[in-house]
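The block underneath contains the structure these notes are about, expressed in structure tokens.
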Number of protein chains: 4
Amino acid sequence: MTITVGVIGVGAIGQDHVHRLSHVLSGARVGAVTDVDLDRARVVADGLAGPVLHRSGAELIADDRVDAVVVTSWGPTHEEYVLACVAAGKQVFCEKPLATTREAAERIVEAETATGRRLVMVGFMRRFDAQYRAMKEVVTGGEIGLPLLMHAAHRNPSVPDFFTSDMIVTDTAVHDIDVARWLFDEEIAAVTVLRPRTSRKAKAGFDDPLLVLLETEGGVLVDVEASVNAGFGYDIRGEVVGEDGTVELSESAGTVVKRAGTHAGRVPAHWRERFGPAFDAELQAWVDAVAAGGTTGPSAWDGYAATVVCETGLAALRSGAREPVVLPDRPDLYKGPA
Amino acid sequence: MTITVGVIGVGAIGQDHVHRLSHVLSGARVGAVTDVDLDRARVVADGLAGPVLHRSGAELIADDRVDAVVVTSWGPTHEEYVLACVAAGKQVFCEKPLATTREAAERIVEAETATGRRLVMVGFMRRFDAQYRAMKEVVTGGEIGLPLLMHAAHRNPSVPDFFTSDMIVTDTAVHDIDVARWLFDEEIAAVTVLRPRTSRKAKAGFDDPLLVLLETEGGVLVDVEASVNAGFGYDIRGEVVGEDGTVELSESAGTVVKRAGTHAGRVPAHWRERFGPAFDAELQAWVDAVAAGGTTGPSAWDGYAATVVCETGLAALRSGAREPVVLPDRPDLYKGPA
Amino acid sequence: MTITVGVIGVGAIGQDHVHRLSHVLSGARVGAVTDVDLDRARVVADGLAGPVLHRSGAELIADDRVDAVVVTSWGPTHEEYVLACVAAGKQVFCEKPLATTREAAERIVEAETATGRRLVMVGFMRRFDAQYRAMKEVVTGGEIGLPLLMHAAHRNPSVPDFFTSDMIVTDTAVHDIDVARWLFDEEIAAVTVLRPRTSRKAKAGFDDPLLVLLETEGGVLVDVEASVNAGFGYDIRGEVVGEDGTVELSESAGTVVKRAGTHAGRVPAHWRERFGPAFDAELQAWVDAVAAGGTTGPSAWDGYAATVVCETGLAALRSGAREPVVLPDRPDLYKGPA
Amino acid sequence: MTITVGVIGVGAIGQDHVHRLSHVLSGARVGAVTDVDLDRARVVADGLAGPVLHRSGAELIADDRVDAVVVTSWGPTHEEYVLACVAAGKQVFCEKPLATTREAAERIVEAETATGRRLVMVGFMRRFDAQYRAMKEVVTGGEIGLPLLMHAAHRNPSVPDFFTSDMIVTDTAVHDIDVARWLFDEEIAAVTVLRPRTSRKAKAGFDDPLLVLLETEGGVLVDVEASVNAGFGYDIRGEVVGEDGTVELSESAGTVVKRAGTHAGRVPAHWRERFGPAFDAELQAWVDAVAAGGTTGPSAWDGYAATVVCETGLAALRSGAREPVVLPDRPDLYKGPA
């Protein structure tokens, strides 16, 4: 069975997903596209085997030929499209962030909860990365004992011009926020953001890098170096320290070249190189789940919690103090193992 | 466009490919299956969305609804099915070996050459493995200068009961034979096989491990440790030594666990763990090429040359001496970059 | 020329140094020993070629046959012996800590400054470790640009019964405090101490592990995981993050063993295994410097600054807040490159 | 107790040992030196605290003030000096080779055997290298089962002008010959030498690199890549393959630098960097043994066997064939654990 997917928003990541659904994954076809820039949507549609071009997300969602929806539009529009999908009873895969404000994310959680079933998956792709999955297996398997700390680093070689200082929290550290919640199966209870010396490569007004400190409800302390002008590559590090040992992500493999006095491996140049297979696995898992009548992976609650922690992180960045995270109880719909 | 594939032979590797074509890859469906054991074929067919069950490979190949064929039957039957595909003008992906004798492989090369176009791809999946591809890039990019030697090891944890002593050459070392031809873009000119002390784990009458020495036409010397009772894991090693440096395959990544006095990474347990993604990439490349009207990857010539080198290797194993490899000129159809 | 060294305090580390001076290093002999436990001192003396056994440190320092003194007695007694050496104009190597209070350390700095020349070396052996030296070379060589952050971990497998909770700062983190000052050639300006979830292995009343945050005057932020019940080994980690790259300590080398599904290296079992060669290099450097009429390595100022940062760290541990470090100006005697 | 050592031959390695004995090791002083170039000997003597300058090795050996002798003269002169030491009943440390011909080495073994006690230690320093020692511990500890193969590589960045083609066997591969004998505690039974493509960096008439194949009496097959124009560094590799696993030398540790798209460690630039600490440990072990009235480490028999295997290796290089190694029975003096 092949599901017909409509894609809302065909910028960089949207085009990646269109390519994945059309040429990489099994069981799906792109049957409809739209974009705020209709010309761009038309170009993308022309490259495919005849999908419908819709004038708006609402129109696309309403199209009966569309089985399920991928939302890869601009962050602030996510809420509207996800809510429309939920209202239409259609499965939706929404790229992170689920929403750009706590209230917007809350409305999605409420709407979905009201339907009594999960319709929303949020695109935290690290949960589908082979290394992170192996790490979670070690943590939950008890090999290193109860987790006490985690050290993480997210280093981007550079960021585009539209990147703002706050996005180091909401766009960069957000991945480690989700990873921490997922690895330890606990909510984040407090956030502190520290400012080391600023890199000369940071734009004026930027605090880069940051050290984001997360405390889980159970007391695991996570330090996240978030850096968006690292220059040398896209470098993602993580180490969980437990009572009996530690587990860390390997340096990315490939080859070792010995030359001119060094033995050297490659640091990925781009997030596509590092996480391409994770994006494939993530969307395939969604396609398979949708074909089977449900969804999988990070839920609207995960998207909501991440949004709340990010908002708290921004408050902590401004205050310089430790800020507690305030979350309501988790609805039953979202209980159970991650 | 979705191509309809017929699969001849649905043992272990055949079922892997059926799963891949049905649930992992893009652009293909399994439309027909057959097997020497029809009951087994029926079970496989029942798990899919209604493929035709054929009583024989010949019948399957003749079926007009079948666009292209995957041959994963018992080695000695490959020739017959590949020749039938070539005669029918249908693209065929044949698992290694292309054929079990030099003469059989030669007949395939002749038949394909007579058609004037490539119809056959042979399943040497390492050419689609990310590590080997990175290695080839380093070698051909000139980073380490002209290659002089290669050190390789192929270590299987264990082998099934039907595995014979000769298969250490024809089934195990054959991968490194193909890798050497592909990496250095040269034929193998001579083979020597040395017998170190035999492992206590080897079955009676087995020489295991072996050290297979390959010499390319250009003088690159390749030593291949081939071991099929290594026990500790599926361990594939390779290092090319050039005039200016070396390039080697990394240890397989994942996580590093520190515990009880060691820091440890995982050795893959099985070839599926090590080469699963390479098999996916290989078959996707074939599906894409077939959809585009052609083929790609290792050719019938590559399958033929590997078979000849393996035969020479067996002669060298018996003689204990260095045995020259005798190959005819490469037909024009197979010239050009690997 | 062979210098005659007197050793005050022959507990574990004192006996190590006696062995080093007698059987490992060049240019020194142990000519006098003493200890608060005279029987223990007698046993040590009996194992050597006839050193003088003194009834007290003061007597030993006053002995004309003693060229230079090693102080490896109990921490609170260091001040007295070091001051006596300074008064006697004799070179002294004092194991860390230089003194156990800010005031005591200050008195040593004042006494030494008054003599106008350096007579005191403090035993921060990491400055003589090959890995840390290579790291410093990278940092000061500019390869990774201006340093922004450092991540460090000091993991002890376990600690003896007399170890107190405060010693995680004063005995464990103190090494990273000195490393940070030395690597970045800046004073520490503030300390914060965070308490992650406590390990079940920690004694009652212990906060273990701790995350100690150091800020240098120039804004480098150093996070130090200090853990004294890690169990799995003696694991020392460090990574400096600069504007253009990072440099980290390698996992300790040796061999890689592949067995039973893993490839594994060794984590040192004990600080002697990890830092034995650094202790040798440190004491040899001191012997050579003394033979040449001076001293080298970490100065009384370094010992004083470390003591002050530790005291501030203890205040931070109690307050839970960021505590500024208050240091007077550095006397001219201690200016110049580290 | 300090032993007085006489050094015969103060070229590069001789000066290294003089420095070691004078400024690095414990328990020895250089009390006499000589050299074929007396001016050079005088310069070295002038840098020390008044050793006696002798006009010849014979004179130095005869000097009663000399307790023991280090022979670091030109290889062909070793026999004469070692025999003189044996005749004088003085302990002698002889840099490799023990002698340059089988007959010369045999005469030394006979002379020493006639005295009934060991007086000769040969400078195979790898036996004192921490990595090789850890490897031997794994091999003899049974962790990887009975050894079956060994893969080794000895890569020199370059060699001086006086280096001849044969020296790739007698000066380079000789280390792996000794390592194999020591690790497996067996004699080498046969040698084959293969010639891969020659590096463009090799001098005219040089076959470089070589692949030297050693077979031990027990059937362990050792392949040694010996290369003396590797350019990129001094790279020593080794991996023992056993029935249950493998053990290999780690890449040399230090730091990992991430910069410009790679994470890189250092390849040693020179044998001094790689084996400096092994040379120290080796000579200290000798000094300690001499002080205790005996000797230690590689014996005259080890030097003799290595010389015989090297001669056989040269024959194999000329013949292109597998050449058996012919050795007499090992005298009782040399029996017992390595």
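Could you tell me how many of the residues in region C:217-229 are buried (at least 23 other Cβ atoms within 10 Å of the Cβ) and more than 20 Å from A:M150 (Cβ to Cβ)?
Residues flagged as buried (at least 23 other Cβ atoms within 10 Å of the Cβ) and more than 20 Å from A:M150 (Cβ to Cβ) within region C:217-229 amount to 1.
Against the conditions (1) under 22 Å from D:E251 (Cα atoms); (2) at the interface with chain D (Cβ under 9 Å from one of its Cβ atoms); (3) surrounded by fewer than 23 Cβ atoms within 10 Å (Cβ to Cβ); (4) over 23 Å from the mean Cα position of the chain (by Cα), where does B:K201 fall short? Just the number, please.
All conditions pass for B:K201, except number (1).
Quick check on this structure: which one of C:I144, C:I188 is open to solvent by less than 30 Å² (accessible area, probe 1.4 Å) and more than 13 Å from every other protein chain (Cβ to nearest Cβ)?
C:I188
Of everything in region C:211-228 that's assigned to a loop (DSSP other than H, G, I, E, B) and more than 20 Å from the chain's Cα centre (by Cα), which residue is nearest to the other protein chains (Cβ to nearest Cβ)? Before you say what the answer is, go through the steps one by one.
Kept after step one, since they are assigned to a loop (DSSP other than H, G, I, E, B), are these residues of region C:211-228: C:217-220, C:228.
Cutting the leftovers down to more than 20 Å from the chain's Cα centre (by Cα) gives us C:217-220.
Numbers: C:E217: 10, C:G218: 6, C:G219: 3, C:V220: 6 Å.
Among them, the one singled out is C:G219.
Which residues, taken from region A:157-181, are out of contact with any His (no Cβ under 8 Å at 6 or more places or on another chain), within 13 Å of chain C (Cβ to nearest Cβ) and open to solvent by less than 40 Å² (accessible area, probe 1.4 Å)?
Taking region A:157-181 and keeping what is out of contact with any His (no Cβ under 8 Å at 6 or more places or on another chain), we get A:158-171, A:174, A:177-181.
Then drop every residue that is not within 13 Å of chain C (Cβ to nearest Cβ), which leaves A:158, A:180.
Residue satisfying the conditions is A:A180 alone.
Looking only at region D:315-333, count every residue that is within 10 Å of D:T192 (Cβ to Cβ), open to solvent by less than 70 Å² (accessible area, probe 1.4 Å) and not hydroxyl-bearing (S, T, Y) and tell me the total.
So the answer is 5.
Tell me, which residue of region C:105-137 that is among the hydrophobic types (A, V, I, L, M, F, W, C) and surrounded by fewer than 21 Cβ atoms within 10 Å (Cβ to Cβ) is farthest from the other protein chains (Cβ to nearest Cβ)?
Selected residue: C:A114.
Is there a residue in region C:279-296 that is in contact with a Ser or Thr (Cβ under 6 Å, 6 or more places away or on another chain) and either closer than 27 Å to D:T246 by Cα or part of a helix (DSSP H, G or I) (or both)? It would help to see each step written out before you state the result.
Looking only at region C:279-296, we keep the residues that are in contact with a Ser or Thr (Cβ under 6 Å, 6 or more places away or on another chain), and these are C:285, C:289.
Right, trim to either closer than 27 Å to D:T246 by Cα or part of a helix (DSSP H, G or I) (or both) and you get C:285, C:289.
Yes - at least one qualifying residue is present in region C:279-296.
Which condition does B:L317 not pass, out of (1) outside any helix (DSSP H, G or I); (2) over 30 Å from B:L83 (Cα atoms); (3) not charged (D, E, K, R), if it passes all the others?
(1)
Looking at region C:59-69, can you tell me whether even one residue there is open to solvent by less than 40 Å² (accessible area, probe 1.4 Å), over 26 Å from D:H23 (Cα atoms) and of a type in the set (D, E, K, R)?
Yes: region C:59-69 contains one or more residues that are open to solvent by less than 40 Å² (accessible area, probe 1.4 Å), over 26 Å from D:H23 (Cα atoms) and of a type in the set (D, E, K, R).
Here are some residues: C:V24, C:V7, C:V43. Which one is within 16 Å of C:V92 (Cβ to Cβ) and of a type outside the set (D, E, K, R)?
Values: C:V24 fails: within 16 Å of C:V92 (Cβ to Cβ); C:V43 fails: within 16 Å of C:V92 (Cβ to Cβ).
Criteria check complete, one pass: C:V7.
Could you please find all residues in region A:230-240 being within 11 Å of chain B (Cβ to nearest Cβ) and open to solvent by less than 10 Å² (accessible area, probe 1.4 Å)? Can you show your working first?
Filtering region A:230-240 down to residues within 11 Å of chain B (Cβ to nearest Cβ) leaves A:238-240.
Once the filter is applied, which keeps residues that are within 11 Å of chain B (Cβ to nearest Cβ) and open to solvent by less than 10 Å² (accessible area, probe 1.4 Å), region A:230-240 yields A:G238, A:V240.
Output the residue which, of all residues in region C:256-314 that are more than 25 Å from C:E187 (Cα to Cα), more than 10 Å from chain D (Cβ to nearest Cβ) and among the charged types (D, E, K, R), is most open to solvent (accessible area, probe 1.4 Å).
Within region C:256-314, the match that is most open to solvent (accessible area, probe 1.4 Å) is C:R272.
Within region C:197-204, can one find any residue that is β-branched (V, I, T) and farther than 20 Å from C:G231 by Cα?
Within region C:197-204, none of the residues are β-branched (V, I, T) and farther than 20 Å from C:G231 by Cα.
Every residue in region A:83-103 that is closer than 21 Å to A:D178 by Cβ and either surrounded by fewer than 20 Cβ atoms within 10 Å (Cβ to Cβ) or within 16 Å of the chain's Cα centre (by Cα) (or both), please.
Across region A:83-103, the qualifying residues are A:V92, A:F93, A:C94, A:E95, A:K96, A:P97, A:L98, A:A99, A:T100, A:T101, A:R102, A:E103.
Given the residues C:T172, C:T140, C:T164, C:T115, which is the only one that is among the polar types (S, T, N, Q), farther than 12 Å from C:D302 by Cα, free of Cβ contacts under 8 Å to residues at least 60 places away in the same chain and in contact with a strand residue (DSSP E or B) (Cβ under 8 Å, 6 or more places away or on another chain)? So that I can check it myself, show each step before the final result.
Working: C:T140 fails: in contact with a strand residue (DSSP E or B) (Cβ under 8 Å, 6 or more places away or on another chain); C:T164 fails: in contact with a strand residue (DSSP E or B) (Cβ under 8 Å, 6 or more places away or on another chain); C:T115 fails: in contact with a strand residue (DSSP E or B) (Cβ under 8 Å, 6 or more places away or on another chain).
So the residue among C:T172, C:T140, C:T164, C:T115 that is among the polar types (S, T, N, Q), farther than 12 Å from C:D302 by Cα, free of Cβ contacts under 8 Å to residues at least 60 places away in the same chain and in contact with a strand residue (DSSP E or B) (Cβ under 8 Å, 6 or more places away or on another chain) is C:T172.
In this structure, does C:D244 turn out to be touching a residue at least 40 places away in the same chain (Cβ under 8 Å), charged (D, E, K, R) and open to solvent by less than 30 Å² (accessible area, probe 1.4 Å)?
Judged against the criteria, C:D244 is not a match.
All but one of (1) out of contact with any strand residue (DSSP E or B) (no Cβ under 9 Å at 6 or more places or on another chain); (2) over 30 Å from B:G205 (Cβ atoms); (3) not small (G, A, S) hold for B:R102; which doesn't?
Failing condition for B:R102: (2).
Looking at D:P328, D:P268, can you tell me which residue is part of a loop (DSSP other than H, G, I, E, B) and more than 20 Å from the chain's Cα centre (by Cα)?
D:P328
The values are calculated or read from the model by the stated rules, or taken from the named source; none is laboratory data. The shown structure was predicted, so the numbers you read here are calculated from the model rather than taken from an experiment. Ideal geometry is used to build each Cβ from the backbone, glycine not excepted, and the neighbour counts take in all protein chains shown. Please note that ligands, DNA and RNA were not included when accessible areas were found on the heavy atoms of the full protein model with its side chains. Shrake-Rupley method; radii C 1.70, N 1.55, O 1.52, S 1.80 Å.
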